[in-house]
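Each remark here refers to the structure printed beneath this line.
The values are calculated or read from the model by the stated rules, or taken from the named source; none is laboratory data. None of these values were measured; they are calculated from a predicted model. Quick reminder, even Gly has a Cβ in these numbers, built from the backbone with ideal geometry, and neighbours come from all protein chains shown.
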Amino acid sequence: MQDTQKKESDFDFDYWMELAKKDPAAFEQQRQNLIQTTIQEAPEKMQQRLNGLQWQIDSEIKLAKNPMDGCLKIYQKMMDSVYKSGGLLDALTMSENAVKSDNLATVVSFNGPEKNNSVKTTI
């Protein structure tokens, strides 16, 4: 947890903003380096997906009419991945419902055959 907090606090927004204004080429190079480093630090099984996602983001940026247009298109893609049918929200809701309904079991009492104290419970 401490490492994550340290990485978050290391981000200097003002530095990146100034770099983008003064030297867009250097900004882009450093941005790409940071992205690649971050992807390489991710678990290996996630790297292909992250590279694909970054390719989509970079494509939106290149096709955008201006920076704000690119930002809005990327934002819309992110919102779609959460709220559209089959998105993250659906996946979380389905998982929650499965836990509530599929985990019913009959628990049988071991007090002996004379007592039948079975109850339904969730597991």
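Observations on the model:
- Region 59-88 residues that are more than 21 Å from residue 32 (Cβ to Cβ), paired with ones that are modelled with pLDDT of 95 or more and exposed (fewer than 12 other Cβ atoms within 10 Å of the Cβ) (beta carbon under 6 Å, 6 or more apart): none
- Residues in region 26-53 that are more than 20 Å from residue 13 (Cβ to Cβ), assigned to a helix (DSSP H, G or I) and either small (Gly, Ala, Ser) or touching a residue at least 60 places away in the same chain (Cβ under 8 Å) (or both): 52 alone.
- Count - residues of region 90-114 that are in a helix (DSSP H, G or I) and either loosely packed, with under 12 Cβ neighbours inside 10 Å or at pLDDT 90 or above (or both): 12
- Selection of region 18-40 for residues being under 19 Å from residue 57 (Cα atoms) and out of contact with any helix residue (DSSP H, G or I) (no Cβ under 9 Å at 6 or more places or on another chain) yields 24, 25, 29, 33, 34, 37.
- Filtered by the rule that a residue be exposed (fewer than 13 other Cβ atoms within 10 Å of the Cβ) and not charged (D, E, K, R), region 60-71 gives 63, 66, 67, 68.
- Number of the exception - residue 87 against (1) under 18 Å from the mean Cα position of the chain (by Cα); (2) at pLDDT 95 or above: (2)
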